[in-house]
1. Ignoring solvent entirely, what values of log10 I(q)/I(0) come out of the Debye formula for region 416-560 at 0.15 Å⁻¹ when each Cα is a single scatterer?
2. For residue 220, enumerate residues with amide H under 5 Å from its amide H, sequence gap 5+ or separate chain, H modeled in the peptide plane.
3. Step through the residues of region 307-321 one at a time and calculate ³J(HN,Hα) from phi using the Karplus curve (6.51 cos²θ - 1.76 cosθ + 1.60, θ = phi - 60°), rounding each to whole Hz and writing x for Gly and Pro.
4. Report, by chain and number, residues whose modeled amide H sits under 5 Å from the one on residue 195, excluding near sequence neighbours (fewer than 5 apart, same chain).
5. Tell me, how many Å apart are the Cα centres for region 409-464 and for region 558-619?
6. Could you state the number of Å between the C-alpha centres of region 169-209 and region 311-370?
7. Can you give the angle from 0 to 90° between the axis of helix 291-306 and the longest principal axis of the chain, with both taken from C-alpha atoms, to the nearest 10?
8. Give me the Kirkwood hydrodynamic radius of the chain, using the inverse of the mean 1/r over all pairs of distinct Cα atoms, in Å to one decimal.
Amino acid sequence: MKKGATGPTTYRSEYIAFGWRLERVRLRFDIGEDATLVHSELLLHRQHVEGTTQDLVLHGQELELLEVVVDGQALSQEAYRCDADQLVIPALPDRCTLNLSVRIKPQENSALEGLYACGNFMLTQCEAEGFRKITYFPDRPDVMTTYEVTIEADRNRYPVLLSNGNRVDSGETEDNRHWVTWHDPFPKPCYLFALVAGDLAHIEDEFVTASTRRVTLRVYVEHRNIDRCRHAMDSLIKSMRWDEERFGLEYDLDVYNVVATDDFNMGAMENKSLNIFNSKYVLARPDTATDADYQAIEGVIGHEYFHNWTGNRVTCRDWFQLTLKEGLTVFRDQEFSADMQSRAVQRIQDVRVLRNRQFPEDAGPMSHPIRPDEYVEVNNFYTMTVYQKGATIIRMFHTILGEEGFQKGMKLYFERHDGQAVTCDDFIAAMADANDTNLAAFGRWYQQSGTPQLTVTSRYDADLREYTLSIRQHTPPTQDQPDKVPLVIPLRMGLLGSDGAALPLQLAGEAADASVSADRLFLLHEEKESITFVNVDEAPVPSLLREFSAPVKLSYDYSDADLALLMARDSDTFVRWEAAQLLAQKGILDQVAQLASGKKMQMPEAIVQAFSKLVADGETDPALIAEALILPSEEYLAEQMDTVDVDGIFAAREFTKSLFAQRLWPALVQRYAVLNDGIPYAKTAEAVSRRRLKNVLLAYLVTQPDGQQYAEQQLRASDNMTDTLAALRSLVMCGSAVKDEALSEFEDRWSDDPLVTDKWFSLQAMVPGPGTAAQVKRLMGHAAFSIRNPNKVRALLGVFSMSNPTGFHTRSGDGYALVADQVIELNAINPQMAARTVSAFNQWRRYDDNRSTLMREQLQRIADIDGLSPDVGEIVANALET
Ligand code: TRP
Ligand code: ZN
């Protein structure tokens with residue numbers, strides 16, 4: 001056991017295959033008032049695997065074992081061993097049929113893992129290791145088999161009975177009960193099993209696949225939500241079409257069901273043909289969901305659908321390979337969204353998530369490679385690293401091999417591994433073999449944690465007309481891995497002349513015309529490399545890391561003028577956006593330093609001018625201008641400092657917002673007026689883009705007393721949630737005199753709507769300053785709040801601790817105490833949520849002595865409680881490790 005942890009460690013190197021083949025499984029669920037009986041029948045065939053015992057070892061937790069029957073003979077209690085985690089049956093014949101009966105209590109399951117109740121229906125969540133809370137079973141992803149599932153329940157309470165695959169039979173029994181049998185012909189691991197039982201409404205549509213299979217599509221929701229399903233359905237149809245067109249992948253069954261639930265630990269789950277979704281990623285109507293919600297729904301519906309091939313048809317051998325399905329599927333959903341919406345905006349948003357959330361994770365106590373080497377609790381490894389960094393590593397395969405080469409690799413991957421449980425190495429091998437190339441060195445990205453730093457310097461020789469870039473890569477040591485090696489880093493770049501025109505990129509020894517190109521990709525392998533361009537007529541401005549071609553931190557000593565040029569003229573939209581961010585970042589961080597040394601804040605004129613041009617830019621997509629106008633987040637600015645100056649960052653960022661508003665006032669007012677056109681709500685890309693810029697402008701306007709009227713007017717006139725929420729947020733953030741009235745009107749209007757109420761909670765949890773801890777505590781007493789509901793916990797505590805630095809890090813320590821109290825309460829209710837919540841303390845070492853001491857004390861207090869779950873125990877042990 002790892003020091004301080006509350007459970008044993010599992011190591012990747014210790015993988016051993018299961019000693020039995022599971023030929024098929026039959027399940028029967030007898031759903032009752034306060035307990036459910038689960039009968040299982042497993043057809044087993046012994047495999048000779050070195051290192052395994054002769055005994056059959058099945059996982060199981062919180063089960064009441066009623067009966068064990070082998071080949072029709074009930075076993076006496078002496079014939080097997082059963083403890084809190086497993087059932088061990090020795091001396092079985094090589095081939096046998098095992099029948100088990102267990103009793104479970106789904107109504108008492110607050111961990112939302114296994115079979116649990118949500119309102120008046122029941123559902124399952126089995127990934128990663130929840131199936132063992134349903135029955136004794138080899139709960140590991142490399143045991144794949146076919147399932148036949150019968151569900152029996154009261155006809156009135158549970159009219160809808162769903163499981164994976166095709167509905168093959170149904171009937172009625174006495175006592176007003178009925179049953180349905182489902183059969184899934186595709187072998188699958190148990191983490192993809194699902195069951196739903198209850199009184200749900202649905203909408204239905206159809207998709208005809210490229211090979212003319214007719215697929216019935218259904219979205220199931222609670223009756224009151226039936227008018228909010230259409231967007232999810234449309235997104236599903238788009239996903240199915242896109243996967244055929246872009247990846248040549250078709251759906252493989254006759255039904256596809258999506259079920260929405262209010263009580264869910266994560267976003268959604270890709271169970272074979274029976275996806276289960278957090279209702280946040282299904283339900284949408286223009287008056288209840290923002291444009292961002294609509295886009296998130298499209299992305300998550302796509303993500304779960306794409307898992308059908310990348311995750312389900314080809315699955316993971318063990319949970320260390322999680323990024324095999326998650327990194328790849330996030331890449332696929334990002335590409336889907338890029339093809340459906342704006343590729344440029346999508347890229348910026350994906351990079352923002354990676355840098356704001358994954359970079360800090362990788363620099364903190366939970367640092368791990370995308371394929372970890374060890375874990376205590378696998379649920380703690382559904383991380384930004386496995387998902388988001390994993391996706392950028394798949395993206396680098398794509399960058400290096402090109403679309404065609406990448407698709408050849410995917411094709412070979414499916415040819416070789418359809419129906420199997422495989423490893424990341426199998427994926428890399430398919431990519432390499434299909435392209436007849438060696439990707440061994442690139443594969444180090446799977447082993448090494450931490451964010452590489454690229455330090456670039458340049459030299460222009462006017463006499464020789466040569467321009468040389470010297471590049472050094474260095475990955476700082478991380479808590480899990482002190483020693484680092486150089487990685488293969490794809491660097492996409494160009495050069496700009498002083499007029500902004502692209503310069504030719506000719507290397508020594510290359511013929512002049514063949515190489516003349518505005519954009520080149522270099523693969524860096526060594527710690528130090530240099531690239532020399534010849535026939536360069538003037539000292540250029542380098543445009544580096546176009547499209548964010550690798551997940552690295554880049555440093556190059558740009559002048560303000562260089563950045564202004566890149567921002568205005570580069571051909572790559574990512575670099576244009578990045579230049580704006582860098583300019584703002586420089587400006588803000590300089591003010592943080594000014595403040596710290598007791599000086600007055602001021603902003604260089606070049607920065608103001610560059611932003612002024614942005615506001616006036618009538619050519620560029622308004623959504624892109626909006627992205628550029630959003631100042632770097634407090635968390636990202638914090639990342640740039642050795643010791644985080646919470647208050648300095650906040651003050652300098654507010655100062656900058658307000659100064660831009662003052663200096664650009666007429667242009668802001670005018671552009672806002674043009675965008676605030678009074679045209680009724682539309683869902684088109686153009687309308688979304690315009691709303692986005694309008695609302696970013698509004699956030700600037702309300703920093704000035706004269707600007708608050710715009711938010712008040714917008715709130716009154718709005719016919720959609722995007723504009724309503726932006727106006728309300730603006731009023732709340734600027735501390736407007738009418739904010740309380742506006743908040744309570746909003747509260748009354750939406751009191752019976754849990755998802756909109758979450759927005760209301762979040763808004764208040766975001767209010768900066770020392771008073772918010774007390775306000776969050778008050779709101780936890782609100783009738784609509786429940787600590788048992790993960791969306792509520794995220795809306796209040798998640799937002800407060802992760803997105804409100806001056807609130808959470810308030811000097812008194814009230815924010816820390818509040819969050820720690822809730823972690824302790826959640827630990828006993830829902831360990832997964834408790835572990836996610838306690839992660840807010842992971843960065844404790846990066847703060848001043850006062851704050852870091854207070855945070856460490858809370859971590860220690862949590863570490864010392866009785867009954868600490870392995871989930872929380874692992875996070876806290878890593879955070880406290882010296
Ligand atoms: N596989 C899910 C996804 O699409 C993740 C997931 C959903 C999950 N629910 C979970 C992971 C519960 C762990 C626990 O990304
Ligand atoms: Zn996923």
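1. Those come out to -0.87, one per q.
2. Amide H to amide H, under 5 Å and 5 or more residues apart or across chains, residue 220 pairs with 258, 259, 260.
3. For region 307-321, the Karplus-derived couplings read 4, 3, 9, 9, x, 9, 4, 10, 10, 9, 5, 8, 6, 5, 8 Hz, x marking Gly and Pro.
4. The answer is 124.
5. 34 Å
6. 31 Å
7. 50 degrees
8. It is 29.1 Å.
Bear in mind these aren't lab numbers, they're just calculated from the coordinates by the rules spelled out. Keep in mind it's a predicted model, so treat the numbers as computed, not measured. Note: ideal-geometry Cβ built from the backbone for every residue, glycine included; neighbour counts use all protein chains shown.
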